[in-house]
Structures are given as C-alpha cells and as structure tokens.
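Coordinate-derived values only; no laboratory data. Please read these numbers as outputs of a predicted model, since none were measured by experiment. Cβ placement follows ideal geometry from the backbone for every residue including glycine, while neighbour counts extend to all protein chains displayed.
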Amino acid sequence: MSSKPHFAQARARANIALAKYWGKLDAERNLPAVPSISMTLDPLVTETSVEFRSDLARDEMILNGEPALAAETTRTTTLLDRVRAESGLSLRARVSSKNHFPTASGLASSASGFAALAAAARAAAGLPYDAAKTSDLARQSSASAARSVYGGYVELPAGKRGEHVLSAHVLFPPEHFDLAIVVAVTAEGRKSVGSTDGMTHTRDTSPYYDAWVKSAPALADEVRTGLETRDLKRIGEAMEQSTLAMHACGIAAGPGLLYWQPATLAAFHRVRELRTEGVEVYATMDAGPHVKALCRAADVAKVAAALESVPGVLRTLRATPGPGIQLN
Ligand code: DP6
C-alpha cells in the first residue's frame with residue numbers, strides 16, 4: 001500500500017462466461033436478465049490505480065499510458081461518483097489502468113478493468129475491503145465485471161425486480177477443476193457492436209429474445225452441476241448451447257447481429273472435430289469473432305496446435321483459472 005493518502009492500486013483478471021449473460025432486466029440499474037457463470041482467467045490481468053487529489057477539477061484517466069477517450073472517462077466518473085457518495089469524499093481522482101494482456105486478445109478488458117477500478121476506488125476512498133460491495137459496484141458499470149472480483153468459478157445471478165443490489169459469488173475455487181481456455185484470435189481491432197448496444201438491440205428487435213431469457217437458467221444449472229461433479233462433457237455441452245443460443249438470438253435481431261467471421265466457424269468446427277479424435281474440448285464465443293476453447297489443462301498444447309492450423313486463426317492465447325481481486 002502506498003504511503004500517499006487516498007491512493008490505492010488493485011489487480012483483477014478477465015473472465016470467460018461458460019453460461020452467458022446477454023440481456024438486461026433493468027438497463028438503468030444494469031441488472032442482468034439471466035444468470036451467468038464464468039471462469040476467472042490467469043494471467044490476463046488489469047492493474048488500476050486511483051488517487052483522489054485536491055488539485056483536480058475533474059477526474060482524469062490514463063489507459064495503457066494514453067489519455068482515455070471521453071466516453072471511457074465518463075464511465076469511470078460514474079463509478080467514482082458512487083464511491084464518493086458512499087465515502088463522503090468529494091475529491092476528483094486520477095486513474096491509471098494498464099492491461100497486461102493484448103487488447104486484441106479476444107477477451108474484453110472491461111470486466112477486469114471495472115473490477116480493478118471498483119476495488120482501487122473504494123480502497124483509495126478509505127472504504128474497507130468488501131468483496132460483495134466491490135462486485136455490486138463493478139456490476140453497475142459492466143455486469144461481467146461483477147464476476148472478475150472473485151477467483152475460480154463464479155456465478156452472477158439474474159437480477160430481480162425491486163432488488164437493486166446484486167453481486168456475484170464464488171461457486172468453486174480455481175483449484176477445484178483443472179480446466180483451461182485456449183483463445184483462437186480470428187481478427188484484429190475492435191468489435192463492430194459492443195455488448196451493451198448488442199444486447200439492447202437484441203431485446204428491442206429479436207423475436208427470440210424472450211425464448212433466450214427463458215432458456216438461459218437451465219443452461220446455467222447444467223454448467224453449475226457439471227462444475228460441481230467435475231464433468232467436462234456436461235459443462236461443455238451446456239456452454240456450447242449457451243453461446244449458440246445467445247448468438248442465434250442476436251442473429252435474429254433486426255438487423256441481425258453477426259459477430260462471426262469465416263474463421264470463427266472454421267475454428268468451432270475444428271473443436272468439434274477434435275472431440276471425434278478423442279480430445280475433450282468445447283467452444284464458446286462472446287460478442288466478437290474469436291473462439292474460446294475449454295479443455296483439460298493437460299490438453300492445452302494439443303488444442304492450441306489444432307486451432308493454430310485453422311485458416312484465419314491469427315494466434316492463440318492460453319489461460320487457466322485464476323484468483324480474484326488483489327489489492328496492493
Ligand atoms: C457476451 O458485461 O460487457 O461477454 O453489462 O452492458 O457492460 P454490460 O455488458 P458486458 O457483457 C458481456 C457479454 C458477454 C457474455 C458474458 O460475459 O457473460
């Protein structure tokens with residue numbers, strides 16, 4: 001911990017949803033319409049420092065060494081305002097955030113970013129560490145960030161009408177099940193439609209939205225039971241259905257959300273082919289073209305080699321279950 005008053009630094013990791021969050025019960029309060037279950041990923045770390053200072057007229061944000069875009073700073077200020085309201089502190093803050101994984105890694109940095117920001121901001125404002133409050137705070141900025149507060153296998157329940165506080169919780173610690181993720185990166189650059197806009201558009205225009213919301217809890221139940229019994233087949237089959245149902249619902253929107261590239265489908269088919277060759281591996285995609293393959297840690301090299309040979313796959317990245325927030 002720094003000796004500077006009102007300064008704190010936190011580290012949080014990205015996560016991958018095995019059962020997907022897609023859709024909001026309450027957009028203003030950012031309450032998810034469906035439960036989601038994720039794995040927190042090592043070594044994909046975001047490190048964020050927050051310093052509340054008396055010489056600032058407004059909040060300032062540095063992202064990977066560069067001044068952040070206005071929209072990013074505004075989202076940060078919204079979170080900081082909640083911390084100021086809770087702590088009674090009125091000072092503006094200087095925020096610096098660095099992703100220790102490639103931006104075009106196929107894994108969103110918003111989950112790890114808002115989890116680290118929530119933890120650092122609360123600590124810098126003098127609030128004692130409280131994982132549930134940190135998760136609830138992160139969730140209001142980006143729901144997937146609520147999960148990155150915790151390590152291992154984590155669930156964020158669906159929101160309920162009339163209840164405004166919602167945090168994620170640990171289902172199982174990282175060492176519970178020796179799984180790994182291989183990310184097949186299929187494109188460079190930012191995704192065409194961000195998750196927030198994508199889910200709003202889906203809810204507003206897809207005839208399949210209600211069906212998705214209705215079917216998602218049973219898939220989350222399957223993933224949870226599969227984790228409990230360390231049954232990769234059960235987790236994997238539910239995970240594939242969850243991602244395909246989420247994408248089907250977006251594809252049916254008007255106009256349809258088409259996150260996939262030819263390499264996305266090629267990599268997905270390669271994963272299924274690997275299963276016929278005896279490797280237990282399953283695929284998932286988020287709101288982007290990259291494929292994330294879930295397998296046993298012992299099979300990572302085989303899965304990575306197979307995905308790297310798929311035309312259109314630019315590179316792979318490997319991750320294993322990691323810890324939650326670390327304050328330093
Ligand atoms: C497809 O958490 O980025 O990655 O709450 O609007 O910030 P907001 O959305 P976000 O959505 C993530 C969607 C997903 C699935 C998941 O991570 O569960």
(request) With a point put 7 Å past each Cα toward its Cβ, work out how far residue 130 is from residue 221 in nm, to one decimal. (result) 3.3 nm
(request) Assuming R0 = 56 Å, can you tell me the calculated FRET efficiency for the pair residue 244 and residue 90, based on Cβ-Cβ distance, to the nearest 0.05? (result) 0.70
(request) Kindly state, to the nearest 0.05, the FRET efficiency for residue 314 paired with residue 165, given R0 = 30 Å and r defined as their beta-carbon distance. (result) 0.15
(request) With a point put 7 Å past each Cα toward its Cβ, work out how far residue 297 is from residue 211 in nm, to one decimal. (result) 4.0 nm
(message) What's the ranking of 159-171, 64-76, 120-132 by average number of surrounding C-beta atoms within 10 Å, highest first?
(response) 120-132, 159-171, 64-76
(request) Set the Förster radius R0 to 51 Å, insert the Cβ-Cβ distance between residue 229 and residue 53 as r into 1/(1 + (r/R0)^6), and round the FRET efficiency to 0.05. (result) 0.50
(request) With 28 Å as the limit, write out which pairs from 20/233; 98/133; 160/233; 133/233; 98/233; 214/292 have Cα-Cα distances beyond it, or answer none. (result) 160/233; 133/233; 98/233
(request) Quickly rank 174-180, 197-203 as a protection proxy: mean count of other C-beta atoms within 10 Å, highest first. (result) 197-203, 174-180
(request) Describe numerically, in nm with one decimal, the distance between label points set 7 Å from Cα along Cα→Cβ at residue 78 and at residue 200. (result) 0.9 nm
(request) May I ask you to order 235-242, 270-277 by the average number of other C-beta atoms within 10 Å around their residues, highest value first? (result) 235-242, 270-277
(request) Give the relative contact order (percent, whole number) for the chain; include only Cα pairs under 8 Å separated by 6+ residues. (result) 24 percent
